[in-house]
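Okay, structure first, notes after.
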Amino acid sequence: MATATVHLNNVGGYFGVARCFRLDPPRVISGTECEYVTVAVQPRIGQQSPEVRVYPATDDGTCITPQLHRRTGSFTPDEPVDIDGCYWLALLMLGGYELDQSLNGGN
C-alpha cells in the first residue's frame, strides 16, 4: 500500500499552510523520482478561490524545481476549507497515498 507520512508539519516559504510528506514508494513527478512532496493550502484572496498545490520537494520541504508549478494532486477546494481533508485528498489524487498516522514525524 502506498503511504505518506508527515515529515514536517509546518514548512515556511509557501503562501498558506504547507506540510511536507515522505512518500513510500517515491513518486515520479516530471521525470524525477521524489521521496518528498510539500502540499500547500492557500486561502481565498479576494475573488480568487482557495487552492491546494502539490510540489515535489527535498527533505526540508523546499520545492526541487526553480518555479512553483502545480502538480498532479493539486485542486481547488470548496469552502469552508478543511485543511487536513485537503492534505488527504491531494495525496490520494497524487498516487493513491494513504496517510500513515502511526509514523507522524510532525516536527
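Every number here is computed from the coordinates shown, using simple stated rules; none is lab data. Computed from a prediction, not measured in an experiment: that's the story for all the values here. Here the Cβ is made from the backbone with ideal geometry for all residues, glycine too, and neighbour counts use every protein chain on show.
Annotation: amide H-H contacts under 5 Å for Y97 (H modelled 1.01 Å from N, sequence separation of 5 or more, or interchain): L92. Of all the options G46, G85, G96, the one that moves most in a Gaussian network model of the chain with Cα springs shorter than 10 angstrom is G46.
Mean-square fluctuation check for the chain, GNM, Cα pairs under 10 Å: which of T62, T72, T32 is largest? Taking springs between Cα atoms under 10 Å, the residue moving most is T32. For the stretch 3-100, the Kirkwood radius over C-alpha pairs fed into Stokes-Einstein at 37 °C and 0.692 mPa s yields D = 250 µm² per second. Multiplying the residue separation of D78 and N9 by 0.36 nm and subtracting their alpha-carbon distance yields 22.6 nm. Cβ crowding within 10 Å ranks E51, E33 as E33, E51, fewest other Cβ atoms first. Each of R27, R44, R71 was scored by other Cβ atoms within 10 Å of its Cβ. Arranged with the fewest first, they read R44, R71, R27. Between the stretch 12-48 and the stretch 63-85, what is the separation of their alpha carbon centroids in Å? That distance is 6 Å. Think of the chain as having a plus end and a minus end, set by charges on the Cβ of Lys, Arg, Asp and Glu; of L68, G12, Y97, L68 sits farthest toward the positive end of this dipole. Annotation: the antiparallel percentage among DSSP beta bridges lying fully within the chain is about 90.
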